[in-house]
Each structure stands twice: as structure tokens, then as C-alpha cells.
Amino acid sequence: VERNIRQSEVLKSKRLAIEERCRLDAQQAKEKIWEMYQRRTLLLEQLRHQEEVFAIDTQLFEFYTTQFKEVKIPADFYLGEQRKYLDKKFALHQARLQIRMLEAEMLATAHSAPIH
């Protein structure tokens, strides 16, 4: 009888330890997701700014393209501006990709987190 009581108490303490570990893991996952959410918010603000600046860059590049077609600016200047424009376009793409990757990481973390 005493052995059964001790086994029951050991099992109960193991169960409580597991539950506490799950609670702790869930809390840590929530904190990690919150941190990622805050980082995502900042990245979205930066992206909006980049998009506003890129809209101006697009207008400027269209102006340079018109000037180049009308032979009002030299080819080397135009090609330099085209390269800058494409680099900015790529940077904008990279910023969007970084946000999507962070969102995927957030979903994966949330999906694998214990529920408590």
C-alpha cells in the first residue's frame, strides 16, 4: 500500500513538473512571438518609407528615360541612374521578403508552441 501511495505521489509530481514546463514553454513562445511582432511592425514602417521614396525614384527614372530617349542626357549618365534605380528596386524586394520570412517564422513558432 505504501509503495502504491509513493508511486502515486511520484507520478503526481512528475505530471505537475510536466505541466509547469509546458506553461513555461508557452510563455516563452508568447514572448518570442511578441518580439517578432514588434520587429515586424518596425520593418513595415521602414518598408512604407522605402516605398514612398521608391515612388519618387520611379518618377525620376521615368524622367531620365524620357531625357535619354530624346538624346538630352548621355548614355553613361542614364545607365548609372538605371543601375541605381534597379538597386533600389531590389532593396525594396529584399525588404518585403524579409517581412514575409519573419511572418513565416512567427507562424511556425506559434504553431509549435504548447497551448496553455
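Could you compute the net charge surrounding residue 19? Neighbours are other residues with a C-beta less than 14 Å from the C-beta of residue 19; K and R count +1, D and E count -1. Can you show the working numbers first?
On the way: positive: 12, 14, 15, 21, 23; negative: 20, 25.
With Lys, Arg at +1 and Asp, Glu at -1, the net is +3.
For the full complex of protein chains and a 1.4 angstrom probe, list 18, 99 by accessible area with the highest value first. Kindly include the intermediate steps, with their values, before the conclusion.
Values: 18 110, 99 10 Å².
Highest to lowest solvent-accessible surface, that is 18, 99.
Send over a whole-number figure in Å² for the accessible area per residue of the chain, probe 1.4 Å. Display every interim value, and only then the final one.
On the way: 9300 Å² over 116 residues.
Computed with neighbouring chains in place, this is 80 Å² per residue.
Give me the aspartates and glutamates in straight-line cross-link reach of residue 14: C-alpha distance below 17 Å, same-chain residues under 8 apart excluded.
Leaving aside aspartates and glutamates fewer than 8 places away in the same chain, those within reach of residue 14 are 25.
About its Cα centre, what dipole magnitude does the chain give when the only charges are +1 on Lys and Arg Cβ and -1 on Asp and Glu Cβ, stated in debye to the nearest 20?
That gives the chain a dipole magnitude of about 580 debye.
Okay, helix-only estimate at 222 nm for the chain: each DSSP H run of n ≥ 4 adds -39500 (n - 2.57), divide by all residues, round to 500 deg cm²/dmol; what do you get? Mind showing how you got there, number by number?
Working: 2 runs with 106 residues, N = 116.
Result for the chain: -34500 deg cm²/dmol, rounded to the nearest 500.
Ordered by residue, what ³J(HN,Hα) values in Hz, to whole numbers, does segment 93-102 give under the Karplus form 6.51 cos²θ - 1.76 cosθ + 1.60, where θ = phi - 60° and Gly and Pro are x?
4, 4, 5, 5, 5, 4, 5, 4, 5, 5
For the chain, which whole-number percentage of the solvent-accessible area (1.4 Å probe, protein heavy atoms only) is attributable to carbon and sulfur atoms?
Carbon and sulfur atoms account for 59 percent of the accessible area of the chain.
Which aspartates and glutamates have a Cα less than 20 Å from the Cα of residue 72, not counting those fewer than 8 places away in the same chain?
Answer for residue 72, where 20 Å is the Cα cut-off: 57, 62, 81, listed by chain and number.
³J(HN,Hα) across segment 75-85 via Karplus (A = 6.51, B = -1.76, C = 1.60, θ = phi - 60°), whole Hz, x for Gly/Pro?
4, 5, 5, 4, 5, x, 5, 5, 5, 4, 4
Of (1) 1.20; (2) 2.08; (3) 1.07, which is the value of Cα Rg over 2.2 N^0.38 Å derived from the coordinates here?
(2)
The values are calculated or read from the model by the stated rules, or taken from the named source; none is laboratory data. As the structure is a prediction and not an experimental result, all values here were calculated from the model. Don't worry about glycine lacking a Cβ; one is built from the backbone with ideal geometry, like all the others, and counts go over all protein chains shown. To get the accessible areas, we keep the full protein, side chains included, count just its heavy atoms, and leave off ligands, DNA and RNA. Shrake-Rupley method; radii C 1.70, N 1.55, O 1.52, S 1.80 Å.
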